[in-house]
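Report on one structure; see the data block that follows.
The values are calculated or read from the model by the stated rules, or taken from the named source; none is laboratory data. None of the values given here were measured: they were computed from a predicted structure. Backbone-built Cβ (ideal geometry, glycine too); neighbour counts: all protein chains shown.
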Amino acid sequence: MAAIRWTKDSILGFINSHIVDYPTPVNLNYFWSFGSTAGICLVIQILTGVFLAMHYTPHVDLAFYSVEHIMRDVNNGWLIRYMHANGASMFFIVVYSHIFRGLYYGSFIHPREWLWASGVVIFLLMMATAFMGYVLPWGQMSFWGATVITNLFSAIPVVGGSIVEWLWGGFSVSNATLNRFFSLHYLLPFLIAGLTIVHLSLLHKTGSNNPLGINKNIEAISFYPYFYVKDLLAFFLLLAMFSFFVFYYPNALGHSDNYIEANALVTPAHIVPEWYFLPFYAILRSIPDKLGGVVAMVLAILVLLLLPLTNMSKLRSGAFRPLYSFSYWFLVSIFLILGWVGQKPVESPFIEIGMGSTVLYFSFLLFLIPLIAVVEMNLLKKSQQ
């Protein structure tokens, strides 16, 4: 009985210290609700994915029709499928907002380097999971997207061809490819959930950042009920937007070609990935060399890991850094332009716009951030003299 009571008390104590009475900076705004809403999106994706897996058949001859079976014959199958498909888009909207909020308020600055790095790893796994999920309906865009993206690994010197054949399970995208993608797509969300727990533990170790970028211990209040209510409001706003797409425009964020069964003999006029891949797809296409494009696309995400090293500013929040704040919105504009270019044909002027935007994207993250910090520190020194 003592052991049972100890376990019960320990669990309740853990919940109380990390959820109920967790000390939270008093000045957090609604932008800090993106983390909790991202967690809700992950739960929705896992639950709907499990139910879809009960009826989905990972075979090239049956996959497309099993999705049609889910949509037409399974009770509320259409709802579960639309929730899963649009839930991925909602997940990425929330995560992109979470990342850009962290960029503006300096959440990558010491002592939160490992917290930031764990978030970047989760983002990479999300993209891998979403790509594999996009292949599973086995429509035209699924098949050709899988063919184009997996074939990029062939650009790797020496071992590229072997990696592609290993991914395909043969010499082309086939049934083995679909089975592997289905298995990994089912597994990776649970890995993401585990890394999310690591992410939260790192957050609770270092404490939350805040809009002012000041020490969190200056003034803190318990998470419940103050920030619980804020997160609840954010959840209902997300639910409203989610429901709008699911019930009124369920196919608005997808591609019409994916309602055509995959055909290896008919290539779509314009192959495009899902919208959340478009900025990185534009970076890939902006480099004329195949290997260079692949490297640039991967570095476009991995460069986020370097931000704690390249940042030289002693000020954390963009609210007190006018030069950084201006350049931040410039970066947001560049990212949106890359997303727009990614859905356009590979022709002039979109090629030139993509090249220029790619250069500006890397220039900001690698050079402009430390340069702005140096300028700001010099201005501060002059003002103190």
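Take the residues of the stretch 102-133 that are hydroxyl-bearing (Ser, Thr, Tyr) and surrounded by fewer than 21 Cβ atoms within 10 Å (Cβ to Cβ): which is nearest to Phe320 (Cα to Cα)? Lay out the reasoning, then the answer.
Going through the stretch 102-133, the residues hydroxyl-bearing (Ser, Thr, Tyr) turn out to be 104-105, 107, 118, 129.
Now drop any that are not surrounded by fewer than 21 Cβ atoms within 10 Å (Cβ to Cβ), which leaves 104, 118.
Values: Tyr104: 11, Ser118: 27 Å.
Among those that are hydroxyl-bearing (Ser, Thr, Tyr) and surrounded by fewer than 21 Cβ atoms within 10 Å (Cβ to Cβ), it is Tyr104.
Quickly run through the stretch 294-322 and pick out the residues that are over 18 Å from Leu365 (Cβ atoms) and in contact with a Ser or Thr (Cβ under 8 Å, 6 or more places away or on another chain).
Ala319
Step by step: first the residues of the stretch 98-129, then only those that are over 11 Å from the mean Cα position of the chain (by Cα) and among the hydroxyl-bearing types (Ser, Thr, Tyr), then the one that is farthest from Pro25 (Cα to Cα). Which residue is that?
My answer is Ser118.
For Leu178, state whether it is under 29 Å from Phe364 (Cα atoms) and not aromatic (Phe, Trp, Tyr).
Details: under 29 Å from Phe364 (Cα atoms): no; not aromatic (Phe, Trp, Tyr): yes.
So Leu178 does not fit the description; no.
Being among the hydrophobic types (A, V, I, L, M, F, W, C) and within 28 Å of Thr196 (Cα to Cα) is the requirement here; does Ile70 meet it?
Details: among the hydrophobic types (A, V, I, L, M, F, W, C): yes; within 28 Å of Thr196 (Cα to Cα): no.
For Ile70, the condition - among the hydrophobic types (A, V, I, L, M, F, W, C) and within 28 Å of Thr196 (Cα to Cα) - is not met.
The rows are residues; the columns are (1) surrounded by 18 or more Cβ atoms within 10 Å (Cβ to Cβ); (2) under 27 Å from Gly354 (Cα atoms); (3) touching an Asp or Glu at 6+ places or on another chain (Cβ under 6 Å); (4) aliphatic (A, V, I, L, M).
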site	(1), (2), (3), (4)
Phe236	no, no, no, no
Leu239	no, no, no, yes
His270	no, yes, no, no
Phe277	yes, yes, no, no
Tyr281	yes, yes, no, no
Val303	no, yes, no, yes
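Six or more apart or on different chains, Cβ atoms under 8 Å: show the pairs whose first residue is in the stretch 339-359 and on the phi < 0 side of the Ramachandran plot and surrounded by fewer than 17 Cβ atoms within 10 Å (Cβ to Cβ) and whose second is of a type in the set (A, V, I, L, M) and assigned to a helix (DSSP H, G or I).
Cβ pairs passing all conditions: Trp340/Leu278; Gln343/Leu278.
Scan the stretch 312-322 residue by residue and report those that are of a type outside the set (D, E, K, R) and either over 19 Å from Phe335 (Cβ atoms) or exposed (fewer than 15 other Cβ atoms within 10 Å of the Cβ) (or both).
Keep residues of the stretch 312-322 that are of a type outside the set (D, E, K, R), which gives 312-313, 315, 317-320, 322.
Across the stretch 312-322, the qualifying residues are Met312, Ser313, Leu315, Ser317, Ala319, Phe320, Pro322.
Go through Ser154, Ser172, Ser208, Ser183 for me and flag whichever is farther than 19 Å from Tyr30 by Cα and not in a helix (DSSP H, G or I).
Details: Ser154 fails: not in a helix (DSSP H, G or I); Ser208 fails: farther than 19 Å from Tyr30 by Cα; Ser183 fails: not in a helix (DSSP H, G or I).
Exactly one residue qualifies, and that residue is Ser172.
How many residues are in contact (Cβ under 8 Å) with a residue 60 or more places away in the chain and aliphatic (A, V, I, L, M) if we restrict to the stretch 219-237?
4
Cβ contacts < 8 Å: first residue closer than 19 Å to Glu68 by Cβ, restricted to the stretch 252-279; second residue at pLDDT below 90, any location; separation 6+ or different chain. Result?
His255/Val272; Asp257/Pro268
One residue is enough: does the stretch 217-229 have a residue meeting the conditions surrounded by 13 or more Cβ atoms within 10 Å (Cβ to Cβ) and within 22 Å of the chain's Cα centre (by Cα)?
No, the stretch 217-229 contains no residue that is surrounded by 13 or more Cβ atoms within 10 Å (Cβ to Cβ) and within 22 Å of the chain's Cα centre (by Cα).
Do any residues in the stretch 118-146 that are closer than 25 Å to Leu307 by Cα have Cβ atoms under 9 Å from those of residues that are of a type in the set (Ser, Thr, Tyr) and not in a helix (DSSP H, G or I), where the two are at least six apart or on different chains, and which pairs are they?
Once the first residue is closer than 25 Å to Leu307 by Cα and sits in the stretch 118-146, its partners that are of a type in the set (Ser, Thr, Tyr) and not in a helix (DSSP H, G or I) give Gly119/Ser107.
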